[in-house]
1. What number goes with the only condition from (1) free of Cβ contacts under 8 Å to residues at least 60 places away in the same chain; (2) among the hydroxyl-bearing types (Ser, Thr, Tyr); (3) closer than 26 Å to GLY222 by Cα that THR43 does not pass?
2. So the check is Cβ under 6 Å with 6+ separation or different chains; which pairs have a first residue in segment 14-30 that's within 25 Å of GLU116 (Cβ to Cβ) and a second one that's polar (S, T, N, Q)?
3. Answer with yes or no whether ARG103 is within 16 Å of the ligand (Cβ to nearest atom), of a type in the set (Lys, Arg) and modelled with pLDDT under 90.
4. Can you name the strands (runs of 3 or more DSSP E) wholly within segment 177-292 that have at least 2 residues being of a type in the set (A, V, I, L, M, F, W, C) and under 18 Å from the mean Cα position of the chain (by Cα)?
5. Inspect all residues belonging to segment 294-312 and state whether any of them is touching a helix residue (DSSP H, G or I) at 6+ places or on another chain (Cβ under 7 Å), at positive phi and in contact (Cβ under 8 Å) with a residue 12 or more places away in the chain.
6. Taking only segment 101-122 into account, find how many residues are under 18 Å from the mean Cα position of the chain (by Cα) and under 21 Å from ASP48 (Cα atoms).
7. Give the residues of segment 274-299 that are closer than 15 Å to GLU251 by Cα and more than 16 Å from the ligand (Cβ to nearest atom), sorted by residue number.
8. Which condition does PRO144 not pass, out of (1) modelled with pLDDT of 60 or more; (2) touching a Gly at 6+ places or on another chain (Cβ under 9 Å), if it passes all the others?
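The values are calculated or read from the model by the stated rules, or taken from the named source; none is laboratory data. Computed from a predicted structure; not experimentally measured. Glycine also receives a Cβ, built like all others from the backbone with ideal geometry; neighbour counts cover every protein chain displayed.
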Amino acid sequence: HWVMSDFIQHEIQRIRNLVGPKAQVIGAVSGGVDSTVAARLMTEAIGDRFHAVLVDNGVMRHNECQQVKETLEKHLGINLTVIDGANLFLGRLKGLTEPEAKRKVIGNTFIDLFEEEAIRIEKAAENTPNAGKVEYFLQGTLYPDVIESLSFKGPSATIKTHHNVGGLPARMMNGQGLKLIEPLRELFKDEVREFGRQLGIHEDLVMRHPFPGPGIAIRIIGEVTPERVAIARKADHIFISMIREAGIYNEMSQAYAGLDTNRAVGVMGDARVYGYIIILRAVTTTNFMTAEPYEFSFDLLKKIARRIVNEVDGVARVTYDITSKPPGTIELE
Ligand code: XMP
């Protein structure tokens with residue numbers, strides 16, 4: 001596929017010219033296809049002067065940080081730092097119930113940690129061949145994100161503040177004087193995926209469903225507590241594993257198990273329990289602006305529900321969200 005390879009070579013050269021021989025670049029990675037492709041490209045272009053940072057915000061999925069670390073470092077040779085911010089994030093989320101307040105705290109905490117890391121990288125590089133200022137901030141922005149952010153008319157027009165479009169880079173840029181570098185800003189998702197394959201990224205990662213920056217926090221209605229995160233995480237892991245085993249993962253665009261604020265009564269054995277309510281959601285969409293609920297086989301759905309109630313302590317009910325978008329949204333908050 002010469003057209004794509006051409007694009008890769010062209011982008012690498014463009015990055016080298018832009019960054020020059022000394023400057024360093026920092027970039028956040030999440031384990032998603034966009035940030036991974038951007039990071040791989042950057043590594044190809046400037047080697048260890050690119051610093052990928054993975055922030056564990058305490059609301060990632062089951063084993064996600066470990067898996068991302070392993071894939072990026074071992075398989076893709078990306079220079080990666082993992083920052084364990086779980087306790088800090090969960091501490092700051094305590095008591096918050098309003099969706100946008102939760103997003104804001106997560107976005108701001110993320111930037112606080114990122115700014116500290118940029119300073120640490122500069123200090124560590126002093127007196128080494130890599131010495132140089134951190135001048136650029138890498139973002140895996142795609143063409144549809146560019147279009148969407150251009151159409152923002154200010155806070156009143158924002159339905160949800162998406163953390164990789166609104167807010168985040170602005171404060172990064174002002175605080176650090178960092179310049180934005182966006183090698184994917186002319187590409188659509190299917191092009192980034194193709195690009196990822198050509199860069200040797202594993203098919204599972206290439207086809208991974210998008211995962212929001214605020215993670216499980218916007219899939220838990222109301223307060224995010226360590227206990228509730230653990231329950232949502234376990235249920236989600238069962239749900240996604242069963243979807244993968246059934247061979248239908250690529251038939252849906254996004255799927256997750258979320259958690260309701262309320263509890264419900266159930267019977268388990270001889271006992272009456274008052275337990276958590278899991279909300280399963282799986283959608284198909286082409287552009288994420290509109291979406292349809294995925295049409296599961298009812299039999300599989302019942303099997304999934306049974307396993308979640310049996311295996312996740314504290315869960316009394318499992319529901320499946322059949323709301324389209326609009327009027328629903330893909331995430332619960
Ligand atoms: P909604 O829930 O608005 O989601 O239908 C549409 C798409 O956007 C993702 N999403 C987010 N991504 N930060 C992100 O990085 C956010 O705050 C956020 N909110 C929603 C969502 O996962 C879906 O792909």
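1. The number of the failed condition is (3).
2. Close Cβ pairs (under 6 Å, with a partner that is polar (S, T, N, Q)) amount to VAL29/SER35.
3. Working: within 16 Å of the ligand (Cβ to nearest atom): yes; of a type in the set (Lys, Arg): yes; modelled with pLDDT under 90: no.
No: the conditions fail for ARG103.
4. Details: elements: 179-181, 254-268, 271-284.
It comes to 254-268, 271-284.
5. No, the conditions are met nowhere in segment 294-312.
6. Here the count works out to 2.
7. Residues of segment 274-299 that are closer than 15 Å to GLU251 by Cα, as a first pass: 281-288, 291-297.
Hits for segment 274-299 are GLU295, PHE296, SER297.
8. (2)
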